[in-house]
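A short write-up of the structure that comes next.
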């Protein structure tokens, strides 16, 4: 590719960033008005959306996981469905079911709640593996197959799953194949004291999401999704990503490192985060800041089969050490 063509593409991307950044800021601000004090979490969620990724939000009850998902959906003015995952939920309750119509002598497919732009899989680890696996094709291919017929899902399509890492009884930990379908795993955490005080005062008897208005449309999202792959990633940064990935595979404290799909996910997430922050190029800080959200659920620690937050924290600590040890490109 000639230098003039490269420059033209770079100029185009910079123009797109300028054109879209105000709208993306409005979207983040709209969500942040309800989901307060967690601007970084909001930016990660929007970045996952425009990278065509899915998000696993993991934290203790009452930290706003469901509020975050609902606020994103309302801010986008898209279709939203919430699936409460329970021990008796069946795959057909997620995907849909074929109903026999006696008057016409054929079967009619009734679409399940998976057919929405934003799908909240609430407490996804409360349902057995058979039902959990019903999300696999949807998250990988944006389509589902029922009774040998394949149906396309809405475009855009995003799954936001929540789970509580502190409860072990009556829970079914997600298998690695399922975890690998999530672009990011986010920890919400508690807000700062002054922010939490405001939330306690204002939201005791009202649902803040009900009063929200949309800040962007699905056409906006599709436009962002088509443009973000053109964000520049310098070859030295690709080498940086690969050095981190290889380091996870060679680390003696990890049973299994990041896969090729994980490396691709880190590359995509860095491009999307750069776009959200108003840049047409990726920086080393973009990559480093995303290693834990992208990779912590893709590595096996020595205590891999110990459930709960201890395993998650151990993986994060190891990944932090790896990031600090890998030379940062200039």
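Coordinate-derived values only; no laboratory data. In this text the structure is predicted, and so the values were computed from the model without any measurement. Cβ sites come from the backbone with ideal geometry, for glycine too, and all protein chains shown count toward neighbours.
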*By what distance, in whole Å, do the Cα atoms of segment 231-330 stretch along each of the three principal axes, largest value first?*
41, 23, 21
*asked:* Using Cβ contacts closer than 10 Å as the measure, can you line up 205, 172 from fewest to most?
replied: 205, 172
*Determine the relative contact order of the chain: mean sequence separation of Cα pairs under 8 Å and six or more apart, normalised by residue count, in whole percent.*
23 percent
*In nm, to one decimal, how far is the modelled label at residue 25 from the one at residue 201, with both set 7 Å along Cα→Cβ?*
2.8 nm
*Comparing 30, 251, 164, which has the greatest mean-square fluctuation in the GNM of the chain with Cα pairs linked when under 10 Å apart?*
251
_Please report the antiparallel percentage of the DSSP beta bridges confined to segment 3-230, to the nearest 5._
40 percent
*asked:* Connecting C-alpha atoms closer than 10 Å in a GNM of the chain, tell me which of 265, 317, 215 has the biggest fluctuation.
replied: 317
*asked:* From the helices alone, meaning DSSP H stretches of at least four residues, give me the mean residue ellipticity at 222 nm for the chain, per-run term -39500 (n - 2.57), in deg cm²/dmol to the nearest 500.
replied: -14500 deg cm²/dmol
*Let me have the relative contact order for segment 231-330, percent, based on Cα pairs under 8 Å that are six or more residues apart.*
35 percent
*If each residue's Cβ is checked for other Cβ atoms within 10 Å, how do 158, 218 rank with the fewest at the top?*
218, 158
*At q = 0.17, 0.20, 0.22 Å⁻¹, what is the log10 ratio I(q)/I(0) for segment 60-188, with the Debye formula run over Cα points and no solvent?*
-0.91, -1.22, -1.43
*For the chain, built as a Gaussian network whose Cα springs stay under 10 Å, the top-fluctuating residue of 195, 159, 282*: 195
*If you rank 99, 292 by fewest surrounding Cβ atoms within 10 Å, what's the result?*
99, 292
*Rounded, prolate or oblate: which fits segment 189-242 when a ≥ b ≥ c are the square roots of the eigenvalues of the alpha-carbon gyration tensor, with rounded for a/c under 1.5 and prolate only if a/b beats b/c?*
oblate
